[in-house]
Amino acid sequence: MQESQPFIDTVSDSLSETWYHIASTAKNLMDKASDIVDDEFALPVNQQYINDALKKFVTNNVDAILELRVELHDDWFRLFCTIEVAGIYAEVAGNFGLVHVQIDNNVQRFVFAQKTYTDVLKLRCQSFLKLQGIKAVIWFYHRILKKDPLGFILSYINIARPKDNIIYLDIHRWLKKNEKIMSTLHKFHVNYGVVEEEQLVLKSQVKIKNLFINSSGEDIVTPADQPELMDGPIQPVSDATSPSME
């Protein structure tokens, strides 16, 4: 048995070196691929799905919003919003263009350009004076400031951030607790989006390196994954089914 020990040591050293080589090669490839993505692919999302998502992640989480939905058309969309806040009930709508989309594990943001002033479809208030005051504010925005009050309203109810006629909508706060969505976003990202008739087409790419990383962000291949080599005799086989306790 003593004569076989050099052979066992040689086999163990060989297996260890082979494993380290595989692990090291895989790690190097993943490091080099950190900024490499595969071919871009189109991910179409239909209008109904978007409206269902708006209801689930926005309307159901913001008391002031009673309804939020979109109608998608080629290169533009119409946004409908019903709000009730501070004794004011309003149904409004406006036309927008999609400027930018960024969706990954860190940022989930839509950027819109407002194409038209907001149409006030319905407006009710607890008092006549408040109603006339709101109409006066809308008139002042449109005629004097040459701006639209929708951005201010969305900012006031803490939905989006306006800048001139650009509106930034960050949805991370509503998605961050959804582990399934965040785990998926760790593997791919959306570069931009195109609005088409009754659908939004998201142009996406998969992060190759992140396909080899688990949802917690840790590498799958780590030093802890090195197989525990077995000591003791090679024969019989049954003696080698678990590491030796010697």
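The values are calculated or read from the model by the stated rules, or taken from the named source; none is laboratory data. Just so we're clear, the structure is a prediction, and the values are computed from it rather than from any experiment. Here the Cβ is made from the backbone with ideal geometry for all residues, glycine too, and neighbour counts use every protein chain on show.
Miscellaneous remarks
- Options Ser204, Ser155, Ser183: the member that is of a type in the set (S, T, N, Q), under 30 Å from Thr118 (Cβ atoms) and modelled with pLDDT of 60 or more: Ser155
- Enumeration of residues in segment 41-68 that are within 15 Å of the chain's Cα centre (by Cα), among the aliphatic types (A, V, I, L, M) and closer than 20 Å to Ser155 by Cα: Leu54, Val58
- Qualifying residue in segment 134-141 (condition: at pLDDT 80 or above, farther than 29 Å from His73 by Cα and surrounded by 14 or more Cβ atoms within 10 Å (Cβ to Cβ)): yes
- Considering only residues in segment 64-92 that are surrounded by fewer than 18 Cβ atoms within 10 Å (Cβ to Cβ) and small (Gly, Ala, Ser), the one that is nearest to Val45 (Cα to Cα) turns out to be Ala64.
- Residues of segment 142-168 satisfying the condition of being surrounded by 15 or more Cβ atoms within 10 Å (Cβ to Cβ) and under 17 Å from Thr82 (Cβ atoms): Pro149, Leu150, Ile153, Leu154, Ile157, Ile159, Ala160
- Set side by side, the residues Val137, Val92, Val85 differ, and just one is hydrophobic (A, V, I, L, M, F, W, C) and within 28 Å of Glu196 (Cβ to Cβ), which is Val92.
- Boolean, Gly151 is without any contact (Cβ under 8 Å) to a residue 40 or more places away in the chain, part of a helix (DSSP H, G or I), out of contact with any Lys or Arg (no Cβ under 7 Å at 6 or more places or on another chain) and within 22 Å of Phe77 (Cα to Cα): yes
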